[in-house]
Structures are given as C-alpha cells and as structure tokens.
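This report concerns only the one structure given below.
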Amino acid sequence: MTQIANGHAGGRHITDGPLSTPMINEAAPGLLRNDIDTRVARIRPMATPIDQISRMIGARRAASMIVEYYSVDNKSQTATFSGSATETNEENPDGYMIYTVAFRENGVVAPTDTLMVPSVAATGGCLVLYVTEAVEGNTYKVIALNGATTAGVKGMIEGELRGATAVRMGRAASELDVQTTQFEALPRKSQNNCQIFKAQIEQGTFARLAAKEVGWTFSDQEEVAVMDMRMGMEKSFLFGVRARLQTAGGTDEVLLTEGIWTQAQTDFSYSADDFSQNTLIDLMRTAFTGDRAGSRRKILIAGSDLIARINKLDHTRTVTARDTVTRWGIDFSELISKFGSLYVVHSEVFDQCGHESDGMVIDPEYLVKYVHVPFRVERIDLKGAGVRNTEAVVVTEASCMALRHPKAHVRVTLAD
C-alpha cells in the first residue's frame with residue numbers, strides 16, 4: 001500500500017508505490033502549480049503585456065473576491081486665489097502691510113507657509129507671500145515679502161491675485177516656536193472585483209501528461225486554450241467594467257472586474273494633423289512631472305495607429321530611440337527624454353477593442369495584481385461521470401488589476 005513517510009530533515013517520501021500526481025499534491029501542495037505559473041508566463045507574452053507584466057512582478061494575495069486597497073497621495077502643492085488681496089490697514093512690527101486673501105481650496109494653506117505667485121511680478125522676481133494667521137474658512141492674513149514700498153509702507157501688492165495660482169514653499173517658524181500647524185495624511189480606499197476567468201481543455205491523453213506536471217510541456221491544443229484565456233483576461237484588465245450580477249434564480253452571483261483604463265486619472269490627447277516630436281515631449285512632460293510623477297521609467301502600451309505615428313517620426317538628440325530592451329519577457333522599444341524613459345510596445349488588445357489610435361502610459365511600480373484564486377489546473381473525469389469519453393482540464397484564475405497611484409498613469413487618446 002502506497003504511503004507517505006516523513007524524512008529525517010523534514011521532507012516527505014513516497015513508499016511502496018509509484019509517484020503519482022495525487023501523491024505529489026498531497027505530499028507537496030503547491031509544487032505543481034508554481035511550475036505551471038512560470039511556464040504560462042512564457043506563452044506569447046507580447047500579445048498580453050499587462051497580464052505578462054503582472055505575472056512577472058508578482059501578485060498580492062486577496063482574501064476575498066472583492067478587493068479594497070488604499071492609496072496615499074501628497075498634499076496639494078498649489079492653491080488658487082478666489083479674490084483680490086484686501087488691505088487691512090494694519091502693519092506688522094517691521095512696517096509691512098497686512099493683507100487678507102482667500103483661496104478656493106480647503107486646507108491647502110496654513111499659517112507660517114510661504115507662497116510664491118508666479119504670475120505676479122515683484123521686487124527680485126515673482127511675488128512671495130508669508131501667511132501670518134488664519135482668519136476664518138479659507139481666508140488668511142499675509143504679508144508680501146518682496147512687495148513694493150509706498151509712502152514708507154513696505155510689502156505693497158501691485159498685481160491682481162484673483163484667479164492666480166499660489167505655490168506652497170517651505171514653512172518659516174520663529175525661533176521660539178515649538179509647534180506648527182498639524183498635517184496628517186489619510187489613505188483613500190478604492191475597490192475592485194476579482195473576476196473568475198476559466199478555460200476548459202479536453203484531451204484524451206491528459207492523464208499521461210499530468211504525471212509530468214513538474215516539467216510541464218503544453219500540447220498545441222492546451223497552448224491555444226490558455227492563450228485565448230489570457231487574451232480575454234487582458235481585455236478585462238484593460239477595459240473591463242466593475243459590476244456585480246445575480247445569476248438566474250438568485251442563488252449565485254457573477255463579479256466583473258474594472259479595467260485600469262478607467263482607473264487612470266490623467267489624460268493626454270493629441271492631434272492627428274499635428275503629431276510630431278513635440279507631441280512626444282509633451283506626453284512625457286505630462287507623464288513624468290507634477291503630481292503624475294512616479295518612476296523614471298514607464299510603459300507606453302498603444303494601438304497600431306499610434307505606434308505607426310511614433311515610428312514615422314525622425315528622432316533627434318532631444319528624444320532618442322534605443323534598440324530593443326527586454327523586460328518582463330517583453331521586447332520594448334525605448335524612448336528617452338530629459339523627463340524620463342518610455343518602454344513602448346504595441347498591444348493587439350487596443351486594436352481589437354477599437355482603441356488603435358489610443359495608448360496608455362503605465363507606471364509598473366504602481367500596477368498591482370490581486371489574486372483570490374491563483375492560476376491552477378483541475379482535472380475532471382467526464383468519462384467516469386458518464387458525460388463524455390474524455391477527461392477535461394479546467395484552468396481557473398480569480399484576479400483583478402489595480403492602479404495604486406492613479407494619477408501616475410496616463411490615458412493617451414486621439415482628439416476629436
């Protein structure tokens with residue numbers, strides 16, 4: 001009788017019988033599945049770049065089909081004046097005029113902040129304000145550090161502040177200050193559904209193949225079925241719509257996942273008649289600066305029309321094109337600018353889904369795959385069940401994709 005025995009150093013051994021797939025699953029759970037995951041990632045990786053990258057960088061385990069995740073962003077670096085500066089007829093001890101100003105945004109500005117107003121000229125450059133105290137709501141008292149001097153009064157503001165942008169600079173505390181305005185960041189919760197993806201393969205010789213799962217070799221039929229499954233997953237990961245549906249009879253439900261196309265919070269549009277190297281530079285500026293900044297290397301996945309437009313450009317020293325770069329098992333073309341580098345790859349899915357002129361800049365550092373049911377293969381004995389004279393293999397994965405820093409990812413679209 002076949003038995004499983006414990007080894008001297010904690011291992012497990014099969015005695016009195018041959019090594020079979022059920023024995024492997026019992027004695028070493030997960031051994032076969034891990035090798036399958038590694039092999040699956042090698043099947044036509046160029047056709048499914050999103051799914052490919054997520055498999056190669058690793059996934060996070062999800063305890064349920066509904067995934068909730070948190071993102072933290074930075075406090076806004078700018079605020080907009082809602083009105084003009086108003087004189088208070090007060091002066092500070094150094095003879096500076098004190099003004100009151102109001103902002104459209106809540107909680108961005110605080111006492112002891114210094115603010116630069118790039119659109120208003122002052123002595124030595126742009127106007128710089130110092131916030132002395134809060135009045136009420138979004139109204140504060142400020143002094144102009146480099147304002148004009150009029151009739152012995154310093155810090156007079158000579159430009160219009162209404163609608164102007166104030167850029168937050170460093171806080172300036174006094175020597176005796178031991179405290180400043182409190183600032184705490186709270187994470188924002190987002191949600192997505194894990195979708196159950198399946199493929200079924202029926203093959204009479206699968207029982208013989210299953211005994212060799214550790215050295216997994218795919219037949220043509222299996223490869224086509226898994227590739228078709230991954231192509232469907234790629235489309236859902238990109239353009240899926242999050243939903244929760246009851247099945248007929250109301251005894252079960254279907255969860256559908258949201259694609260990363262709608263999760264991204266930055267947009268860039270280009271003109272078909274004015275597509276040039278300047279367009280690429282503007283795209284890179286959008287992708288790598290401000291609150292969209294993240295990694296210095298991002299990925300541009302695009303349809304064939306956008307890829308063709310890029311290929312027709314004459315690249316200069318400003319934006320240079322390097323030879324093929326291989327990352328995550330995918331061959332990219334690299335575009336380099338002073339802002340950052342883009343790994344460019346064509347996506348069949350963009351063409352198939354009507355986005356041949358569109359693309360998406362993705363920051364791989366903030367692309368996360370959550371997996372509730374890891375990619376696994378199950379064998380169903382249809383012959384024993386009296387259904388068909390065959391054995392079926394069912395491939396299953398329940399997963400979803402999430403963007404942790406939505407502004408770091410850019411939707412690229414053709415302007416109407």
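The values are calculated or read from the model by the stated rules, or taken from the named source; none is laboratory data. Source: prediction; values computed, not measured. Backbone-built Cβ (ideal geometry, glycine too); neighbour counts: all protein chains shown. Surface areas here come from the heavy atoms of the whole protein model, side chains and all, with no ligands, DNA or RNA. Shrake-Rupley method; radii C 1.70, N 1.55, O 1.52, S 1.80 Å.
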Q) If we scan region 365-386, do we find a residue that is farther than 26 Å from residue 254 by Cα and modelled with pLDDT of 85 or more? A) yes
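Kindly provide the set of residues from region 134-147 that are under 18 Å from residue 170 (Cβ atoms) and either in a strand (DSSP E or B) or in contact with a helix residue (DSSP H, G or I) (Cβ under 7 Å, 6 or more places away or on another chain) (or both), ordered by number.
140, 142, 143, 144
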(Q) Need pairs with beta-carbon distance below 7 Å; first residue closer than 18 Å to residue 302 by Cα and open to solvent by 10 Å² or more (accessible area, probe 1.4 Å) and within region 220-236, second in a helix (DSSP H, G or I) and modelled with pLDDT of 75 or more; sequence gap 6+ or separate chains. (A) 235/349
Q: Check whether at least one residue in region 402-416 is more than 24 Å from residue 270 (Cβ to Cβ), at pLDDT below 85, open to solvent by 10 Å² or more (accessible area, probe 1.4 Å) and part of a loop (DSSP other than H, G, I, E, B), and report yes or no.
A: yes
Q) Given (1) more than 25 Å from residue 223 (Cβ to Cβ); (2) more than 21 Å from the chain's Cα centre (by Cα); (3) modelled with pLDDT under 80, where does residue 310 come up short, assuming only one miss? A) (3)
Q: Please go through region 138-154 and pick out each residue that is open to solvent by less than 40 Å² (accessible area, probe 1.4 Å), in contact (Cβ under 8 Å) with a residue 40 or more places away in the chain and among the small types (Gly, Ala, Ser).
A: 144, 147
(Q) Looking only at region 79-103, how many residues end up being open to solvent by less than 60 Å² (accessible area, probe 1.4 Å), of a type in the set (Ser, Thr, Tyr) and in a strand (DSSP E or B)? (A) 5
Q.
Can you pull out every residue in region 114-137 that is touching a Ser or Thr at 6+ places or on another chain (Cβ under 8 Å) and buried (at least 18 other Cβ atoms within 10 Å of the Cβ)?
A. 117, 128, 129, 130, 131
Q.
Which condition from (1) surrounded by fewer than 18 Cβ atoms within 10 Å (Cβ to Cβ); (2) of a type in the set (Ser, Thr, Tyr); (3) modelled with pLDDT of 90 or more is the one that residue 316 breaks?
A. (3)
(Q) Could you tell me how many of the residues in region 247-290 are at pLDDT below 85 and under 28 Å from residue 405 (Cα atoms)? (A) 2
**Q.** Condition check for residue 107: open to solvent by 40 Å² or more (accessible area, probe 1.4 Å) and out of contact with any Ser or Thr (no Cβ under 8 Å at 6 or more places or on another chain)
**A.** yes
(Q) Contact list please: Cβ distance under 6 Å, first residue in region 354-368 and among the charged types (D, E, K, R), second residue part of a helix (DSSP H, G or I), pairs at least six apart or on different chains. (A) 356/304; 356/305; 363/408
(Q) touching a residue at least 60 places away in the same chain (Cβ under 8 Å) and either in contact with a helix residue (DSSP H, G or I) (Cβ under 9 Å, 6 or more places away or on another chain) or open to solvent by 40 Å² or more (accessible area, probe 1.4 Å) (or both): which single residue out of 271, 304 fits that description? (A) 271
Q: Being under 29 Å from residue 64 (Cα atoms) and open to solvent by 90 Å² or more (accessible area, probe 1.4 Å) is the filter; apply it to region 195-219 and report the residue that is modelled with the lowest pLDDT.
A: 200
